[in-house]
Structures are given as C-alpha cells and as structure tokens.
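Take a look at the structure set out below.
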Amino acid sequence: MTQYSSIAGTGAYLPEKILTNADLEKMVDTTDQWIFERTGIRKRHIAADDEFTVDLAEQAAREAIERSGLATGDIDLVIVATTTPDRVFPSTACLLQKRLDIHGPAAFDVQAVCSGFVYALSIADKFIKTGSARHALVVGAETLSRIIDWSDRSTCVLFGDGAGAVVLSASESPGILSTHLHADGQYDDLLTVPDGIASGRHKIKSGQDANMYIQMKGNEVFRMAVMTLGRIVDETLEAANLDKSDIDWLVPHQANIRIINATAKKLNMPLDRVVTTVDQHGNTSAASVPLALHAAVSEGAIKKGDTLLLEAFGGGFTWGSAIIRY
Ligand code: COA
C-alpha cells in the first residue's frame, strides 16, 4: 500500500507585465520607501487584459507536469486553489482540464484565499494516501489585480498575479509527512471582498463599488497572521515529531516580509533558509507558496531530501501548513 505522496515536479508562471513601486507612485499617494519598509515588496506582475486565471494556471501546470516526467494523461486528479476564478462555473480546474486535454478524473477548485494552495495540497495528499489518485496536479493561480481597487493605496500596493503548480505522486517513501488546516469564520470582515455575483447586489447598484474589491483592516490582519502562524509552527513540528533545527527550508506565504521574519524568528531560522519572493511578486494569494517553492527548487536551493515547512494564512480566516521531505 502506498504510504505517502511526494512532489514529482513544480512549475510557475508570472505574467509579463511588471508594476513597480515607482509605477504605483504615479497612481496613488504612496512612495517606494513606504511600500518597501512596511511590506518588503519592490514589484509585482499583472495579467494582461486578455490573460485569465486559467491561462496562468495552464502555463504553471504544463511546466510542473513536464518536470515530473509524466504526461498530461497520467494526471488523475486536478485541484486549483483560487480566489479569482474566471467564471462562477465551470470551476477553473475544469477549464484547466480542458486545456490539458484530460478527460474523466475529478477536478475541482478550492477557495481558502491565501491558504488555498496548502488546503489543496492537503486534500490531494489524502486522495493519494487513500489510493483514490496516483498523480495529482495541484495549482494555485490568481488574477488578484481584477479584484483590487487601484485607487485604494492601503490595498493596491500589496497584491500581484501569478500561478504555481506541483505534481504530487504516490510514493513508498516521504513525501508529505503531515498537513494541518484550520479556519475561523468569525473574522470575515477583516479581510474580504464583500459582494459576490450570487448576492444579487450588483443588480441594484450602478457602476463601480468598493464592495467588489478587496477590503482589509491591515493592522488587525497583521497581528492575527503573526500570532496564528506562530501557533501552527508549534503544532506542525509536534505532529511530525520534529525539532525546529530539523527544518531545512521555510516556504511561507508571501504577504509581508515582516510577517515572514516573525515566523522565521519563531523557528530560530536564519533568513537565508527562508524562501522569499515577496519582493518580486507581492502577495499572489493562493499562488504565493507554490511560486516560492518553484523558485527555490529551480534555483537548486531546495535539494532532494531537504525538510520543508510550508505555511499560509489568509482571508476567512484560514491557515494551514505542510511538512514535506522533498
Ligand atoms: N502609502 C503610504 N501610506 C500609506 C499607504 C501607502 N500605500 N497605505 C496606508 N498608508 C498610511 C495609512 O493611511 C496610515 O496613515 P495615518 O497614520 O496618517 O492614518 C499609515 O500609512 C499607517 O497605516 P497602517 O495601516 O497602520 O500601516 P501598517 O504599518 O499596519 O502597514 C500594511 C500596513 C497593510 C502593510 C500592514 O498592516 C500589513 O501588511 N498587514 C497585513 C496584510 C496582509 O498580509 N494581508 C494579507 C494576508 S493574507
């Protein structure tokens, strides 16, 4: 019996267009210095007008499949984590399946905002461990630029577009050692896009409305993120029976360098063991963890046998972690 799932390949895609802090200085009342000091972000990628979440997902997915040495026909589960699906339905996972010419296996989206990829990875791991799938394609893909109010300086400087993917395959050896998922819906008003199409509210309003875009109480989100991620680090290490010093790489959600540094401190990890892409990508929500993972893998930083701690925190609130022997 298969005991584990393990990462067989990773992939990533970032749209060509880059928006720098200097560009944002021309759009809202902000400065490169303010953005960099408070968040660590230098630039982010923005999807072209004719580029959609499934386009980003497809590029990342094709690279992950190619690097895994498998063919699209070997994939028997497709999960896409996204907060910005192109349609109400079909799911982005079904749209992606069509692009990849995969027919029959289960395909569905996961909506857990910035924790979406860790949620999707955990679900795929369980499918594989129970023998329901052998080669799962797990994607985090976002076009957050479409749900941002570009006149709101408190949010528009933070986010970017992109996609990351992994192929998770059945394996006799680890692999994913454990995953941990949590949510607490009572904080829904701290980080939200209040309106959805099914609310019907767009029909009685005219024109643009702030409720169609990301709204955030940044200070409170920051505090909750630092506290919650600190707790989940303890929970994860204990469940895997590992010590802080056993972790080779922290692969965190890339929202803010100060949140990342706080988690690294909790783990006593030197910053050169923390994968950081927030400066280049901004916060790409569900895409951020697989983008960071792929960056470190393709640079040769993460090597076979390394122990990785993935963690994320996002709207909901949701949070989660995965401990992986790469
Ligand atoms: N440029 C310049 N000034 C800005 C600004 C910008 N882009 N955005 C906000 N400000 C101003 C505020 O208006 C405020 O001005 P005031 O003191 O005159 O009222 C001041 O900067 C401080 O704002 P504050 O919100 O207290 O700053 P902060 O230190 O908390 O940093 C965030 C703001 C958003 C960077 C920070 O709260 C954060 O990162 N929060 C977590 C966000 C996050 O991770 N979200 C996703 C979770 S998945």
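Test G164 against the stated conditions and say whether it is closer than 28 Å to I46 by Cα, modelled with pLDDT of 95 or more, open to solvent by less than 60 Å² (accessible area, probe 1.4 Å) and among the small types (G, A, S).
Taking the combined requirement at face value, the residue satisfies it.
With the requirement that a residue be in contact with a Phe, Trp or Tyr (Cβ under 7 Å, 6 or more places away or on another chain) and either free of Cβ contacts under 8 Å to residues at least 40 places away in the same chain or not in a helix (DSSP H, G or I) (or both), what does the stretch 94-129 give you?
V110, A112
Any residue in the stretch 151-167 that's part of a strand (DSSP E or B): show its pairings with residues that are of a type in the set (S, T, Y) at Cβ separation under 6 Å, as long as the two are six or more apart or on different chains.
These pairs meet every condition: G162/T284; A163/Y13; V166/T10; V167/S68.
When residues of the stretch 168-205 are filtered for being assigned to a loop (DSSP other than H, G, I, E, B) and under 20 Å from I79 (Cβ atoms), how many remain?
Residues that pass the stated criteria total 1.
Within the stretch 207-214, identify whether any single residue is crowded, with 18+ Cβ neighbours inside 10 Å and in contact with a Phe, Trp or Tyr (Cβ under 8 Å, 6 or more places away or on another chain), and answer yes or no.
Yes: the stretch 207-214 contains one or more residues that are crowded, with 18+ Cβ neighbours inside 10 Å and in contact with a Phe, Trp or Tyr (Cβ under 8 Å, 6 or more places away or on another chain).
Restricting to helices (runs of 4 or more DSSP H) lying wholly in the stretch 15-76: which have 2 or more residues that are within 14 Å of the ligand (Cβ to nearest atom)?
21-25, 32-39
Restricting to the stretch 305-323, what's the tally of residues that are open to solvent by 10 Å² or more (accessible area, probe 1.4 Å) and among the small types (G, A, S)?
The total comes to 2.
Only one of T155, T179 is at pLDDT 95 or above and within 15 Å of the ligand (Cβ to nearest atom); which?
T155
Residues of the stretch 1-14 being hydrophobic (A, V, I, L, M, F, W, C) and either within 16 Å of the ligand (Cβ to nearest atom) or modelled with pLDDT of 95 or more (or both), which ones?
Within the stretch 1-14, I7, A8, A12, L14 qualify.
Any chance the stretch 251-266 includes a residue that's closer than 21 Å to G9 by Cα and touching a Leu at 6+ places or on another chain (Cβ under 7 Å)?
Within the stretch 251-266, one or more residues are closer than 21 Å to G9 by Cα and touching a Leu at 6+ places or on another chain (Cβ under 7 Å).
Inside the stretch 38-62, can you point out the residues that are closer than 17 Å to T155 by Cβ and open to solvent by 70 Å² or more (accessible area, probe 1.4 Å)?
Residue satisfying the conditions is R38 alone.
Quick check on the stretch 135-148. Is at least one of its residues in a loop (DSSP other than H, G, I, E, B) and either loosely packed, with under 15 Cβ neighbours inside 10 Å or at pLDDT 95 or above (or both)?
For the stretch 135-148, residues in a loop (DSSP other than H, G, I, E, B) and either loosely packed, with under 15 Cβ neighbours inside 10 Å or at pLDDT 95 or above (or both): present.
Of all residues being under 21 Å from the mean Cα position of the chain (by Cα) and open to solvent by 30 Å² or more (accessible area, probe 1.4 Å) in the stretch 235-248, which is farthest from R325 (Cα to Cα)? Just the residue, please.
Per the stated criteria, the residue is E235.
The values are calculated or read from the model by the stated rules, or taken from the named source; none is laboratory data. Computed from a predicted structure; not experimentally measured. Please note: Cβ atoms are built from the backbone with ideal geometry, for glycine as well, and neighbour counts cover all protein chains shown. Ligands, DNA and RNA are stripped out before the accessible areas are found, and what is left, the full protein with its side chains, is counted by its heavy atoms. Shrake-Rupley method; radii C 1.70, N 1.55, O 1.52, S 1.80 Å.
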